[in-house]
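Presented below is the structure to which this report refers.
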Amino acid sequence: MRVGGIASYQCEVTSRMELLEALSWAQTHKVPVKMIGGGSNIIWRDEGFPGLLIINKILRFELFNEDELNSYITVGAGEPWDSVVARSVQAGLTGIEALSLIPGSAGATPIQNVGAYGQDISQTLTTIEAFDIQAHDFVTIPALDCGFGYRTSRFKTTDAGRFFITGITLHLYHQNPQPPFYPALATYLRDNAITDVTPAAVRQAVIAIRSSKLPDPATAANTGSFFANPIVSEGQLIQLEADHGEVPHWKTEEGVKLSGAWLIEQVGLKGFHDPATGMAVWDTQALVLINEHTESTAALLSFKQMIVDKVAEKFGITLVQEPELLP
Ligand SMILES: Cc1cc2nc3c(=O)[nH]c(=O)nc-3n(C[C@H](O)[C@H](O)[C@H](O)COP(=O)(O)OP(=O)(O)OC[C@H]3O[C@@H](n4cnc5c(N)ncnc54)[C@H](O)[C@@H]3O)c2cc1C
């Protein structure tokens, strides 16, 4: 978002040894530590971070073909995520191709269980390798122990800040992606007469869809979706539809998912530019907020609160911020 204060100290680590050195330095100097990857899902407070920011640059990409169908890739946490997707797709593997073009690092993907177009990282992740500051040792965490949910995990909730992820292993398959496809993806494949649905075809489709809808963070400061899509009960959906007519929704294992973008559009804020805060709602995807000329995180947060309040007033639903507010 290009707002917020500065960190007192910063370093990059390219190996597990360098990570241990950085942690030991922070302990000696009695300063808090925070590990980040690309910084694409963080809003920094105006006060800044009075500690050591460790930027994960640990690189590694190992592909192990178990048999004709099953493959495993082990990647360093500092690998740029989209490059991991590109290499797995190039190897003809399915499992993460719908997660194309998501900014950031591989090591950050388990934190909020990144997902898009029907896939999320919990579906393919087998293990995480991390330094556990409680155990003072490197540990291997199986996927079942990660507490994954929709845009969440134990790393974002109960164990936030405890694990410094150094690598992840994913289980991918040597086959074509299997239908049913996510609605926007299915529409794109149909409209473009794509019948040979290979991992590469899905990656290309997702890149085309995302590029047409989402702003490029290089030119428009944004964090992708600013809010998670709300999840409500069947009973709440019935009440909402009684009050407001048809409400777009998807049934998921966790409940009924509503479109946050639709809710924001219904309160008249899609494409809204606010001269007072310098913030705007993106005109082709209302979940995305843009910093046009905001000078402070405080202004950004007041713009966000205005959206949350308007949606709550009309629908009784509280939108939850997706990017983390730090420190
Ligand atoms: C344009 C745009 C589109 C986006 N689209 C999507 C999308 O479709 N789906 C989606 O799920 N997300 C999306 N995002 C959000 C973001 O890309 C992901 O959350 C991504 O995983 C963040 O990676 P990062 O390396 O930048 O993490 P950062 O922002 O650096 O960190 C995010 C959190 O993870 C922690 N963290 C990062 N690396 C490590 C590590 N190695 N060990 C321990 N903790 C770590 C940080 O401390 C912080 O708490 C989008 C963002 C943008 C800007």
Hey, Val89 hits all of (1) within 14 Å of the ligand (Cβ to nearest atom); (2) among the aliphatic types (A, V, I, L, M); (3) within 21 Å of Ile207 (Cα to Cα) but one; which does it fall short on?
(1)
Can you confirm whether Ala276 is modelled with pLDDT of 95 or more and either under 20 Å from Arg45 (Cα atoms) or away from the ligand (no atom under 15 Å from the Cβ) (or both)?
yes
Segment 157-172 residues that are hydroxyl-bearing (Ser, Thr, Tyr), paired with ones that are more than 7 Å from the ligand (Cβ to nearest atom) (beta carbon under 6 Å, 6 or more apart):
Thr166/Arg16; Thr166/Ile58; Thr166/Glu129; Thr169/Tyr72; Thr169/Thr74; Thr169/Thr126; Thr169/Thr127
Restrict the check to segment 210-224 and report whether at least one residue is closer than 20 Å to Leu287 by Cβ, in contact with a Pro (Cβ under 6 Å, 6 or more places away or on another chain) and away from the ligand (no atom under 16 Å from the Cβ).
no
Exception for Ser71 within (1) part of a strand (DSSP E or B); (2) touching a residue at least 12 places away in the same chain (Cβ under 8 Å); (3) surrounded by fewer than 21 Cβ atoms within 10 Å (Cβ to Cβ) falls at (3)
Flagged in segment 114-127 as assigned to a loop (DSSP other than H, G, I, E, B) and either near the ligand (Cβ under 8 Å from one of its atoms) or surrounded by fewer than 22 Cβ atoms within 10 Å (Cβ to Cβ) (or both), in numbering order, are Val114, Tyr117, Gly118
Out of Met1, Met35, I need the residue that is crowded, with 20+ Cβ neighbours inside 10 Å and assigned to a strand (DSSP E or B). Which one?
Met35
When segment 128-148 is examined, which residues are found to be more than 20 Å from His171 (Cβ to Cβ) and either under 19 Å from the mean Cα position of the chain (by Cα) or assigned to a strand (DSSP E or B) (or both)?
Phe131, Asp132, Asp137, Phe138
Given the criterion over 22 Å from Thr166 (Cα atoms) and modelled with pLDDT under 95, identify the matching residue among Gly118, Gly48, Gly5.
Gly118
Going by what's in this entry, would Leu63 be described as touching a strand residue (DSSP E or B) at 6+ places or on another chain (Cβ under 9 Å), more than 9 Å from the ligand (Cβ to nearest atom), in a loop (DSSP other than H, G, I, E, B) and of a type outside the set (Val, Ile, Thr)?
no
Only helices (runs of 4 or more DSSP H) wholly contained in segment 198-297 count here; list those with 2 or more residues that are surrounded by 13 or more Cβ atoms within 10 Å (Cβ to Cβ) and more than 23 Å from the chain's Cα centre (by Cα).
234-244
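To keep it simple, each residue is scored yes or no on (1) acidic (Asp, Glu); (2) modelled with pLDDT of 95 or more.
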{"position": "Asn113", "(1), (2)": "no, yes"}
{"position": "Glu129", "(1), (2)": "yes, yes"}
{"position": "Phe163", "(1), (2)": "no, yes"}
{"position": "Asn176", "(1), (2)": "no, yes"}
{"position": "Ala184", "(1), (2)": "no, no"}
{"position": "Thr187", "(1), (2)": "no, yes"}
{"position": "Gln204", "(1), (2)": "no, yes"}
{"position": "Ala208", "(1), (2)": "no, yes"}
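The values are calculated or read from the model by the stated rules, or taken from the named source; none is laboratory data. These numbers were taken from a predicted model, which means no experiment stands behind them. Positions of Cβ are backbone-derived with ideal geometry, glycine not excepted, and every protein chain shown enters the neighbour counts.
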